[in-house]
Amino acid sequence: MGYEFDVAILGGGPGGYVAAIKAAQRGLKTALIEKGSLGGTCLNVGCIPTKALLASAAAYTSAKAARDFGVTVEGVAFDFAKIMARKARIVKQLRGGVEYLMKKNAVTVLAGAGTLTGAHSLGVAGEAERDITAGAIILASGSVPARPPIPGIAGANVVTSDEILFWDAVPPTLAVIGAGAIGLEFAYFFNALGSTVTVLEALPQVLPAEDAQLAAELATSLTRQGIAVQTGATVLEIGDADGKKSVRFQPAGAEEAQRVSADVVLVATGRWPYTHGCGYEAQGIPIAHRAVTVDAYLHTGVAQIYAIGDLIGGMLLAHKASAEAAVAVDNITGARRAMHYHAIPTALYCCPEVASVGLSEAAAAEQGIEVATGSFPFRPLGKALAIGEREGFVKVVSRKTDGVMLGVQAIGPHVTDMIAAATMAVQHGLTAEQYARTIHPHPTLSECFHEAIEAALGHPVHM
Ligand code: FAD
Ligand code: AMP
């Protein structure tokens, strides 16, 4: 039976739109259904706008610190409306870029809400009102901010990342619930612009999934910058008192609950896969804990229907979604490629930056793997001193038996860019010895990775 399209993709985020391009590049007749804006969460209300805001905060902070470099800058100030306008311009430009890519690759973009209506059919409601058929389907409907059942969460001035990205002023005081990447990036941004910020995190450390030493270093730095970081603090209720929000939380081990008051409360307690109204259940697509479940090949088990990105859970990251897009398209076109998750880098873009890939020391221990570790601080490096960066370190975890690099954790300047080289090593199973023999340019911050690996091998040079 002939279908109108070879592939139809539901959702145009970094999972869906990358899948569309990859499919079109293979010569497949491709449709992409998007009910909001192309680029999805990442481009419109996620990765990109937050990085634009953080760059403004960094510019403001650097201008204030210019005298440390012998540069006199008077009257340093910021204009919040201009910061937000710059962010909007960047998003608009990139969205135009994705629209152009769809045209260039001859992808049929259908603007509207898609519903899976059969094993090979979808309905579209909205601007493009029509039914389509496709040989294969990729579900990529992404995720939305989690709204846990905390009493008062629906109240005024209790917002998620979706709303705070369009706030029109710096709140004098801000309470952030959740110390994951999203919560911490906003905490850093508003603190840098003068807001009094409190972060409440239920688990014992910030960035709970990361190495404990790294999380401790980050918490110390954020505290030094003036952010009140409360870990082991479970938020119980959000009320109103004296014209402000009043957040009641239970500190771990304490008998009495405590309160923190703030003008705005940011709920950053994670994200939920988005399946609402998509017709998945009716078509027998398996769903567990809100997420669509797939096998190692990203197949849902139903007909030729694959699922990728935030919709299937795991690490909710744009590059994970795009990597899955490539795997799903390969499998649709006849390959049998499993998706591997052992080398997906994570990144936090506040100052100091945090990045990691692979196993932490604790995660390796949990799996019963004997490891060697080595770490090296940025402080003694010539380049770090030259650019006025003293914070942070790089830590390397390698397998004791054969030296294969299992993971790297880093906190400090530009680590989110530099983690790519470590990711290559972990992805391809390089040994620490092989990495150590890779010549790094001097003077650069990348030398910190080299030194940490030398330390893991037991012969650091500059320590
Ligand atoms: P999404 O980007 O959520 O896209 C799904 C798309 O599907 C949406 O456009 C939606 O409108 C559409 N859709 C849903 N249902 C339908 C339907 N029925 N019909 C038609 N269309 C539909 N990740 C990083 O890697 N780095 C970062 O720095 C980073 N920062 C972030 C900051 C914030 C504030 C947030 C919220 C997220 C951030 N993320 C970051 C996470 C990243 O945005 C997501 O992991 C990524 O967008 C997931 O891509 P996706 O394609 O799976 O889903
Ligand atoms: P992430 O899932 O990485 O975006 O991070 C969300 C964070 O919110 C996690 O670290 C959770 O532990 C934290 N969290 C979830 N619910 C609560 C709560 N009620 N109070 C405080 N922190 C919470």
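The values are calculated or read from the model by the stated rules, or taken from the named source; none is laboratory data. Computed from a predicted structure; not experimentally measured. Methodologically, a virtual Cβ is constructed for each residue, glycine included, from the backbone with ideal geometry; neighbour enumeration extends over all protein chains shown.
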> Pick from E201, E255: which is acidic (D, E) and surrounded by 22 or more Cβ atoms within 10 Å (Cβ to Cβ)?
Replying inline: E201
> Hey, among A343, A338, A303, A288, which residue is free of Cβ contacts under 8 Å to residues at least 40 places away in the same chain and more than 14 Å from ligand 1 (Cβ to nearest atom)?
Replying inline: A288
> Can you name every residue in the stretch 28-64 that is within 27 Å of I132 (Cα to Cα) and surrounded by fewer than 17 Cβ atoms within 10 Å (Cβ to Cβ)?
Replying inline: G36
>> Name the single residue that is nearest to ligand 2 (Cβ to nearest atom) among those in the stretch 171-220 being more than 13 Å from L266 (Cβ to Cβ) and among the β-branched types (V, I, T).
In response: V206
> Across the stretch 257-269, which residue is farthest from Y306 (Cα to Cα) among those that are more than 10 Å from ligand 1 (Cβ to nearest atom) and in a loop (DSSP other than H, G, I, E, B)?
Replying inline: A257
>> Being closer than 13 Å to C350 by Cβ, within 16 Å of ligand 1 (Cβ to nearest atom) and in contact with a helix residue (DSSP H, G or I) (Cβ under 9 Å, 6 or more places away or on another chain) is true for just one of A187, A192. Which residue is that?
In response: A187
> Looking at the stretch 105-128, which of its residues are surrounded by fewer than 18 Cβ atoms within 10 Å (Cβ to Cβ) and in contact with a helix residue (DSSP H, G or I) (Cβ under 9 Å, 6 or more places away or on another chain)?
Replying inline: N105, A106, T108, T117, G118, A119
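Those residues that are more than 16 Å from ligand 2 (Cβ to nearest atom) and within 14 Å of the chain's Cα centre (by Cα), I need them from the stretch 8-53; list them, please.
In the first step, residues of the stretch 8-53 are kept if they are more than 16 Å from ligand 2 (Cβ to nearest atom); the result is 8-40, 43-44, 48-49, 51-53.
Within the stretch 8-53, G13, P14, G15, G40, L43, N44, I48, P49, K51 qualify.
Starting from residues that are within 16 Å of ligand 2 (Cβ to nearest atom) and assigned to a strand (DSSP E or B), keep the ones in the stretch 271-293 and report whichever is farthest from L116 (Cα to Cα). Before you say what the answer is, go through the steps one by one.
Filtering the stretch 271-293 for residues within 16 Å of ligand 2 (Cβ to nearest atom) gives 271-274, 289-291.
Then keep just the ones that are assigned to a strand (DSSP E or B); that gives 271-273, 291.
Details: R271: 22, W272: 19, P273: 16, A291: 16 Å.
Going through the qualifying residues, I end up with R271.
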> What are the pairs, 6+ residues apart or on separate chains, where a residue within the stretch 393-412 that is free of Cβ contacts under 8 Å to residues at least 60 places away in the same chain and over 14 Å from H450 (Cα atoms) has its Cβ under 8 Å from a residue that is acidic (D, E) and assigned to a loop (DSSP other than H, G, I, E, B)?
Replying inline: R399/E370; K400/E370; T401/E370
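Do any strands (runs of 3 or more DSSP E) entirely within the stretch 294-370 hold 3 or more residues that are acidic (D, E), and if so, which? Can you show your working first?
Numbers: elements: 305-307, 346-348, 353-358.
In the stretch 294-370, there are no strands (runs of 3 or more DSSP E) which contain 3 or more residues that are acidic (D, E).
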> Of the residues in the stretch 434-463, how many are crowded, with 16+ Cβ neighbours inside 10 Å and either at positive phi or in a helix (DSSP H, G or I) (or both)?
Replying inline: 12
>> Among the numbered criteria (1) out of contact with any strand residue (DSSP E or B) (no Cβ under 6 Å at 6 or more places or on another chain); (2) under 30 Å from L317 (Cβ atoms); (3) in a loop (DSSP other than H, G, I, E, B), which one does A254 miss?
In response: (2)
> Consider D131 against the criteria (1) touching a residue at least 60 places away in the same chain (Cβ under 8 Å); (2) surrounded by 12 or more Cβ atoms within 10 Å (Cβ to Cβ); (3) of a type in the set (D, E): it satisfies all of them except one. Which criterion is unmet?
Replying inline: (1)
> Pairs, please: C-beta under 7 Å, at least 6 apart or cross-chain, first residue in contact (Cβ under 8 Å) with a residue 40 or more places away in the chain and in the stretch 226-242, second of a type in the set (S, T, N, Q)?
Replying inline: I227/N191; V229/T223; T231/Q205; L236/Q250; G239/S246; D240/S246
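Which residue, of E185, E127, is at pLDDT 95 or above and not hydroxyl-bearing (S, T, Y)?
Values: E127 fails: at pLDDT 95 or above.
Checking each option against the conditions leaves just E185.
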>> I'd like to verify a number: residues in the stretch 25-70 that are aliphatic (A, V, I, L, M), farther than 20 Å from L348 by Cβ and free of Cβ contacts under 8 Å to residues at least 12 places away in the same chain, how many?
In response: 1
